[in-house]
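The values are calculated or read from the model by the stated rules, or taken from the named source; none is laboratory data. These numbers were taken from a predicted model, which means no experiment stands behind them. Methodologically, a virtual Cβ is constructed for each residue, glycine included, from the backbone with ideal geometry; neighbour enumeration extends over all protein chains shown. Keep in mind that these areas ignore ligands, DNA and RNA; they rest on the heavy atoms of the full protein, side chains included. Shrake-Rupley method; radii C 1.70, N 1.55, O 1.52, S 1.80 Å.
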Amino acid sequence: MPKFEYAPAPESRAIVTIEKSYGLFIDGAFTRPKATFPTLNPADETVLAEVSQAGPKDVDKAVAAARRAYEGVWGRMSGAERGKYLFRIARILQERAREFAVLETLDNGKPIKETRDVDVPVAAAHFFYHAGWADKLEYAGLSASGADVPRPHGVVGQVIPWNFPLLMLAWKIAPALATGNTVVLKPAETTPLSALLFAEVCQQAELPAGVVNIITGDGRTGQALVEHPDVDKIAFTGSTEVGKAIARTIAGTSKKATLELGGKAANIVFDDAPLDQAVEGIVNGIFFNQGQVCCAGSRLLVQENVHDQVVAKLKRRLGTLRVGDPMDKNSDLGAINSKAQLDRITSLVEAGVAEGAERWSPECTLPAKGYWFPPTVLTGVSQTHRVATEEIFGPVLSVLTFRTPQEAVAKANNTAYGLSAGVWTEKGSRILWMADQLKAGVVWANTFNRFDPTSPFGGYKESGYGREGGRHGLEAYVTTAPSTLTGAAR
Amino acid sequence: MSRLDVRKTYKLYIGGKFPRSESGRSYEVVSASGEFLANAAMGSRKDVRDAVVAARGALAGWAGATAYNRGQVLYRVAEVLEGRRAQFVDEVAASEGLTVRAAGAVVDAAIDRVVWYAGWTDKIAQVLGNLNPVAGPFFNVSAPEPTGVVGVLAPQGSSLLGLVSVVAPVIAAGNTAVVVTSAARPLPAVTFSEVLATSDVPGGVVNIVTAQTAEVATWLAAHRDVNAIDLTGVAGANGVDWAALEAEAAGNLKRVYRPALADGAPVEPDWNADPGLGRIRAFVETKTVWHPKGL
């Protein structure tokens, strides 16, 4: 199928003003920039801005500001008033949506059509959804009727990844504030800019000082935040390796944690599935956000008798994908977020080929500068290959086959992860049976990579614990009983 | 001449069978006033591992049973407990140094607690699950599922009421359990295993290991095929560092139920308090399923 020729359609970056350098957002104001490091546009390796590396003293100040705000203002405020602040934030995000979309695309490298249509609107929706909960927590079914209204933990330390910088911020901050906690949030080292712009939104909303604090830096900053003795709860999204380190760090303390970690989702296609729709789902499952998604459908399990047909349709479809300038409204795939991530993807794919997988990519011309990886399909993958067991976090699909539903389930569940899974079949009873069998926190049937603030998200096994979103997501940010009497889940 | 009584050998309960410890070891169990009661099997690391294998093997069947069925089996446990009430009163009185009257109240509360959890099995999903009104043409439902194999350090003090209070919620939710009993008061737990064995609880759903907590807890906390661990029994256990156990549990990101704390030190909860849903919530995973709506 020929690719249509489109003229370039770049989104204007004039809407966003990026400062030369940024300080930390602590106690309602920005500090003077110091110990700065650059954040790059991964599409062309240009420096966008310098941001500050927060040290232990900065973490102290941010946590102290959050504590003061919790005890002085936020923890005492009525739920209705808290909710109105969240509604304000949601509205400002909507009003400044294009600005956020452009900034996010510049800093992250993902296509503008994704930041414009997914990241930013869904982030605003998260604030809107949780705003309504703030004065209704006693209806959330978290404590027995007649018992106390759920209470906040206090100060929450939040560490988020670079794949959905603003959206992950919203997933973390919205429920924390709705339940009456205050926040110290550290965005990822490579994508700090939308969080710093969000700090401005907090100022515009006149959110009381110290309720939200944004500190930038690398892993050392995150570690200092996690280890800080005056932080009551940790919320982390990132790698399973770091998640385990956090679980060890908080062992034996009263700190709570939610961990949203890695995944290696199976996307299972039965022979009776509507194959054209399934191919769209496979493409969305692994190439959305360049596959840099913890719940990406990175293992395609296709029923053996339709393997050749599905792979042929898939290759034909991939031939139409546009890889290039993330700011171009027609781009389907943008840049990989960092050199380090590009190196990891490259080395894992090479390992896959060395172990016997066959590598295929459509013809596409990648830009000369920046971090780029073509959409890639690995066929002939077996369960023991590294590309079938390790999270690649890139636009790389490993294809395996199965014959029976039981075999599909066994292969799908044969992983230490358990974040998500996909099933494609026209048979309703089989969908429900498969959904029961799959050990994953989210099961997408005849769809993939759908997210909604009302829908809880989170994993089984080594994909972490706790849920984000929906009624279940509130649970992680409140306590309902004095743990001294009963013990409690971490 | 009076008749010589026939004494029971107190053994482990693994996979529905009553083996001795593979280690060949036993230890003396004495009453609250220091009199010899029995030689109990001293469970080992290998016994714990065997118990995990049994629990894993039983999981698919128990988790896959209907909630109605699990409720009936749990109610059957209460029935059989009630039928052996006198035996438990004797054992609890001896183990915990209670009067017969006080021990009777403890046994009654234990029976009633099993009944309470029996009634929960087919309500958990209704209370903890719901439809989600997503902004799009999708059916979207969230419901709890059992976490899997749960390691349980049973309380050191309350040998029966405490034991059923930690085991019943785990299995009511559809998990299977590897239980390390109170080290000093293990006998009611062994007799409870006889109740389980005669109550249609499938073999392997609950496995009971009498042991020195400090010796085996680390292996249970570190075991890669255990999905969650309840640390309640660290309170009052000799030589047990619960922080170290929680750190071991991080190796495969087990769900951890922390002990109750008073001034930072683990204490045994008040088992007469309303149990609430906390112990069920701790051992379920929420699964959310999406499907498009359309013609």
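Among B:LEU163, B:LEU277, B:LEU187, the largest mean-square fluctuation in a Gaussian network model of chain B, built with springs joining Cα atoms closer than 10 Å, belongs to B:LEU277. The mean count of C-beta atoms from other chains within 10 Å of the C-beta of residues in A:442-449, rounded to a whole number, is 5. When both the stretch B:161-227 and the stretch A:61-105 are represented by their alpha-carbon centers, they are found 46 Å apart. Relative to the Cα centre, the charge distribution of chain B, modelled as +1 at Lys and Arg Cβ and -1 at Asp and Glu Cβ, gives a dipole magnitude of about 740 debye.
When the alpha-carbon atoms of the stretch A:332-482 are used, the pair Rg, Dmax equals 18.2, 61 angstrom. Accessible surface area normalised per residue over chain B is 39 Å², counting heavy atoms of protein chains with a 1.4 Å rolling probe. Packing, taken as the mean count of other beta carbons within 10 Å per residue, orders the peptides B:124-130, A:158-164, A:250-256 from highest to lowest as A:158-164, A:250-256, B:124-130.
Per the Kirkwood formula applied to alpha carbons, the protein assembly as shown shows a radius of gyration over Rh ratio, Rg over Rh, of 1.00.
From the P(r) of the stretch B:135-290, can you give the percent of Cα pairs sitting at distances over 24 Å? The answer is 32 percent, as a whole percent. Scanning residues 5 or more positions from A:VAL302 or on other chains, those with amide H under 5 Å from its amide H are A:VAL269, A:LEU400, A:THR401, A:PHE402, with H placed 1.01 Å from N in the peptide plane. Remark: mean inter-chain Cβ contacts per residue of A:133-143 equal 1, using a 10 Å Cβ-Cβ cutoff to other protein chain atoms. Peptide packing for A:302-311, B:242-251, B:209-218 was compared via the average number of neighbouring C-beta atoms within 10 Å per residue; ordered from the highest value, the list is B:209-218, B:242-251, A:302-311. Considering helices alone, the calculated mean residue ellipticity of chain B at 222 nm is -12500 deg cm²/dmol, with DSSP H runs of length four and up weighted by -39500 (n - 2.57) and normalised per residue.
Each listed q (0.08, 0.14, 0.16 Å⁻¹) maps to a log10 I(q)/I(0) for the stretch B:26-292 from the Debye sum over equal C-alpha point scatterers, namely -0.31, -0.93, -1.21. Start at zero, step by 5 Å, and the Cα-Cα distances of the stretch A:50-101 spread as 5, 16, 13, 14, 16, 22, 14, 1 percent across the bins. Dividing the summed -39500 (n - 2.57) terms of all DSSP H runs of n ≥ 4 by the residue count of chain A sets its mean residue ellipticity at 222 nm at -10500 deg cm²/dmol.
Of the solvent-accessible surface of the stretch A:172-292, computed with a 1.4 Å probe over protein heavy atoms with every protein chain present, carbon and sulfur atoms account for 47 percent.
Here, the stretch B:1-84 yields an orientationally averaged convex hull projection of 8.6 nm² when only Cα atoms define the hull.
Phi angles across the stretch B:207-220 convert, under the Karplus curve 6.51 cos²θ - 1.76 cosθ + 1.60 with θ = phi - 60°, into 3J(HN,Hα) values of 10, 10, 10, 7, 6, 7, 4, 4, 6, 9, 4, 4, 5, 5 Hz, Gly and Pro given as x. For the peptides A:232-240, A:277-285, A:32-40, the ranking by packing is A:232-240, A:277-285, A:32-40, with the highest mean count of neighbouring Cβ atoms within 10 Å listed first.
Counting only other chain Cβ atoms within 10 Å of each residue's Cβ, the peptide B:132-145 averages 5.
The alpha-carbon atoms of the stretch A:98-246, seen along their principal axes, cover 50, 33, 30 angstrom, with the largest extent given first. Converting phi to 3J(HN,Hα) with the Karplus coefficients 6.51, -1.76 and 1.60 and the offset θ = phi - 60°, the stretch A:322-337 yields 9, 10, x, 2, x, 7, 7, 5, 9, 6, 8, 10, x, 8, 6, 5 Hz in sequence order, with x at every glycine or proline. Computed about the Cα centre, the dipole magnitude for chain A is approximately 700 debye when only Lys and Arg (+1) and Asp and Glu (-1) carry charge, each at its Cβ.
For the stretch A:81-146, the ratio of Cα radius of gyration to the globular rule of thumb 2.2 N^0.38 Å stands at 1.42. Ordering A:MET77, B:MET1 by accessible surface, largest first, gives B:MET1, A:MET77; the 1.4 Å probe counts only protein heavy atoms, with every chain in place.
Here the dipole of the stretch B:170-295 is about 540 debye; that uses its Cα centre as origin and unit charges on the Cβ of Lys and Arg (positive) and Asp and Glu (negative). Using a Gaussian network model of chain B in which every pair of alpha carbons under 10 angstrom is joined by a spring, one finds that among B:PRO155, B:PRO275, B:PRO188 the greatest mean-square fluctuation is at B:PRO275.
Measuring against 25 Å, Cα to Cα, the residue pairs A:LYS110/A:LYS439; A:LYS244/B:LYS287; A:LYS61/A:LYS255; A:LYS233/A:LYS461; A:LYS136/A:LYS233 contain A:LYS110/A:LYS439 as the ones spanning a longer distance. Straight-line reach from B:LYS17: taking Cα to Cα under 17 Å and skipping same-chain neighbours fewer than 8 places apart, the lysines in range are B:LYS8, B:LYS46.
Largest GNM mean-square fluctuation across B:GLY119, B:GLY43, B:GLY174, computed for chain B with C-alpha springs under 10 Å, falls on B:GLY119.
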